[in-house]
Amino acid sequence: MTTGVILRILACIALFATGALVNGWRMSSQVAKCEAEQSQGTATRAEAARTDETQTAIKESKHAQDTIYNADRLAAFYTGIADVQRRELAYAERVQRGAASRAATYNAQAQADAAARSDLADKAAALDRQLAEGLGVVASLGGDLRRRDAEVAALCDQVNIERRLSGDDSDQACSQK
């Protein structure tokens with residue numbers, strides 16, 4: 001081999017080595033650039049994750065506050081319901097206790113009313129008997145009165161007949177009907 005060929009081979013090798021070196025630098029630059037982009041992406045994602053975690057923490061805190069507030073309101077509402085329920089149950093108990101007393105009063109009134117009705121019925125029956133007896137007395141007295149009137153009229157007529165027999169027509173004992 002000749003020196004020229006060797007030099008050319010060496011020049012080619014040097015060129016190749018220089019090209020490889022330049023390509024290596026380029027590759028290193030591209031790798032560094034990719035790593036920088038990847039680091040930047042990781043940093044961006046990390047920042048986004050931190051922001052998301054912060055927002056989530058804020059939301060969870062707000063949620064906890066709202067839940068406590070709502071639970072307190074519900075407890076207050078339940079307390080109000082319990083108070084109303086206690087008052088209504090106490091009222092119902094008073095009404096129920098009074099119901100027995102009122103029932104006794106109603107029964108006493110009913111018994112008094114029944115006694116009064118019975119008394120009224122007895123009085124009405126007595127009045128009815130008295131009416132019937134009175135009607136009998138009236139009928140009897142009416143018959144006695146008519147008999148007396150008939151007897152009086154007959155006696156008057158007899159007196160007049162007797163006076164006519166004696167010839168005295170001017171003095172009548174009873175006036176003529």
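The values are calculated or read from the model by the stated rules, or taken from the named source; none is laboratory data. Since the model is a prediction, treat every value here as computed from it, not as a measurement. Don't worry about glycine lacking a Cβ; one is built from the backbone with ideal geometry, like all the others, and counts go over all protein chains shown. In case anyone asks, the SASA skips ligands and DNA or RNA and just uses the protein heavy atoms, side chains included. Shrake-Rupley method; radii C 1.70, N 1.55, O 1.52, S 1.80 Å.
With modelled with pLDDT of 90 or more and in a helix (DSSP H, G or I) as the only criterion, which of G98, G142, G80 stands out?
Checking each option against the conditions leaves just G142.
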* Looking only at segment 90-99, decide whether some residue is over 24 Å from the mean Cα position of the chain (by Cα), open to solvent by less than 100 Å² (accessible area, probe 1.4 Å) and without any contact (Cβ under 8 Å) to a residue 60 or more places away in the chain. => no
* To do: Take segment 157-177 and flag every residue that is in a loop (DSSP other than H, G, I, E, B) and modelled with pLDDT of 70 or more.
  => S166, G167, D168, D169, S170, Q172, C174
* Using the structure shown, decide if D157 is open to solvent by 60 Å² or more (accessible area, probe 1.4 Å) and in contact (Cβ under 8 Å) with a residue 12 or more places away in the chain. => yes
* Asked: When you look at A124, is it part of a helix (DSSP H, G or I), on the phi < 0 side of the Ramachandran plot, modelled with pLDDT under 90 and surrounded by 10 or more Cβ atoms within 10 Å (Cβ to Cβ), yes or no?
  -> no
* To do: For L74, indicate whether it is of a type in the set (A, V, I, L, M), part of a helix (DSSP H, G or I) and open to solvent by 100 Å² or more (accessible area, probe 1.4 Å).
  => no
